[in-house]
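Data first, discussion second: the structure below is written as structure tokens.
The values are calculated or read from the model by the stated rules, or taken from the named source; none is laboratory data. Please read these numbers as outputs of a predicted model, since none were measured by experiment. FYI the Cβ positions are ideal-geometry reconstructions off the backbone, even for glycines, and counts take in every protein chain you see. Note: areas computed on protein heavy atoms with side chains; ligands, DNA, RNA excluded. Shrake-Rupley method; radii C 1.70, N 1.55, O 1.52, S 1.80 Å.
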2 protein chains.
Amino acid sequence: MALNKKQEFSELQNQIATFAKALSHPARVAILEKLADCNKCICGDIVEVMPLSQSTVSQHLKELKNAGLIQGIIEGASSCYCINWENLEKELETLNNIFSQLKTKNDSVICCVVKEQ
Amino acid sequence: MALNKKQEFSELQNQIATFAKALSHPARVAILEKLADCNKCICGDIVEVMPLSQSTVSQHLKELKNAGLIQGIIEGASSCYCINWENLEKELETLNNIFSQLKTKNDSVICCVVKEQ
DNA sequence: TTCTCTTATCGTATATTTACGATATAAGAT
DNA sequence: ATCTTATATCGTAAATATACGATAAGAGAA
């Protein structure tokens with residue numbers, strides 16, 4: 001079957017999973033690094049430094065855009081991409097917050113003791 | 001085709017992608033929340049609160065374990081799972097570090113200007 | 001207009017992920 | 001020894017992701 005059970009989880013759980021999924025391929029991490037690095041952010045420049053075809057890079061760009069982590073604008077014949085820092089930092093904060101909350105909870109609880117081996 | 005190109009990316013890019021992939025399904029986020037919350041961490045307790053079958057939950061637990069985010073020990077007939085905070089926090093820090101470094105770089109650069117629309 | 005250049009999308013093949021039921025395994029109870 | 005209980009693994013079906021070449025679409029040059 002492999003039915004989609006994602007809607008059975010909370011909004012927040014899905015939000016974190018969606019953000020993480022956007023970062024779950026090294027090519028997309030590499031694209032974000034390149035976008036932060038280059039001062040023109042032209043699609044072709046990204047393709048040039050990636051070990052992937054133009055169409056595959058375009059697909060990864062689309063996924064990052066859908067996740068809200070980057071923005072793209074058309075500049076004549078080419079497209080210019082930028083990191084959407086507002087969203088990216090918001091997502092990062094959500095991720096950090098949830099784990100620091102969990103840590104606090106976990107510290108006050110006697111959980112299974114893992115013996116050193 | 002769909003050849004695996006992951007080894008063409010850097011160690012760090014792959015490390016981040018692997019961590020993100022572990023968090024890229026809401027069920028695995030839910031498991032981490034449950035592990036932080038319950039004070040017994042028995043596999044069956046997790047299965048009970050999840051909208052998934054025992055075998056599927058077991059599979060997700062295995063992935064979290066492979067990513068180093070949780071640890072499991074056998075306690076008689078059942079298994080007890082715990083969050084591996086040391087690894088989890090290390091991975092989170094790596095993620096935070098890379099983006100704060102990128103942000104610093106990006107701030108000093110004239111990137112494509114996105115017009116407000 | 002026609003040619004070229006750039007990027008997005010389509011079609012498609014393959015790989016991986018997700019999900020479940022069935023089964024194996026191992027511990028504890030009877 | 002047999003039964004039960006708990007969990008991991010196997011087998012498998014379906015969904016999704018990854019990757020590429022081909023093609024479409026739109027801009028700018030000739």
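Some values worked out for this structure:
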| read-out | value |
| --- | --- |
| Some residue of the stretch B:50-63 being more than 13 Å from DNA strand C (Cβ to nearest atom), open to solvent by 50 Å² or more (accessible area, probe 1.4 Å) and among the charged types (D, E, K, R) | no |
| Residue in the stretch A:3-20 that is nearest to the other protein chains (Cβ to nearest Cβ), counting only those that are within 30 Å of residue A:80 (Cα to Cα) and more than 14 Å from DNA strand D (Cβ to nearest atom) | A:16 |
| Residues (β-branched (Val, Ile, Thr), within 13 Å of DNA strand D (Cβ to nearest atom) and within 9 Å of chain B (Cβ to nearest Cβ)) located in the stretch A:43-83 | A:56, A:73 |
| First in the stretch B:34-45 and within 15 Å of residue A:104 (Cβ to Cβ), second anywhere and of a type in the set (Ser, Thr, Tyr) and surrounded by 14 or more Cβ atoms within 10 Å (Cβ to Cβ), Cβ under 7 Å, 6 or more apart | B:35/B:81 |
| Residue within the stretch A:4-11 that is open to solvent by 80 Å² or more (accessible area, probe 1.4 Å) and at pLDDT 95 or above present | yes |
| Residue tally, condition of a type in the set (Lys, Arg), assigned to a helix (DSSP H, G or I) and over 21 Å from residue B:59 (Cα atoms), over the stretch B:1-25 | 1 |
| Any chance residue A:99 is among the aromatic types (Phe, Trp, Tyr), more than 15 Å from DNA strand C (Cβ to nearest atom) and modelled with pLDDT of 95 or more | yes |
| Conditions (1) at pLDDT below 95; (2) part of a helix (DSSP H, G or I); (3) of a type in the set (Ser, Thr, Tyr); number of the one not met by residue A:55 | (1) |
| Residue within the stretch B:29-42 that is within 30 Å of residue A:56 (Cβ to Cβ), within 8 Å of DNA strand C (Cβ to nearest atom) and buried (at least 22 other Cβ atoms within 10 Å of the Cβ) present | no |
| Residue within the stretch B:82-92 that is within 25 Å of residue A:5 (Cα to Cα) and either at pLDDT 95 or above or in contact with a strand residue (DSSP E or B) (Cβ under 9 Å, 6 or more places away or on another chain) (or both) present | yes |
| Residue check, residue A:23 open to solvent by less than 20 Å² (accessible area, probe 1.4 Å), aliphatic (A, V, I, L, M), at the interface with another protein chain (Cβ under 8 Å from one of its Cβ atoms) and within 15 Å of DNA strand D (Cβ to nearest atom) | yes |
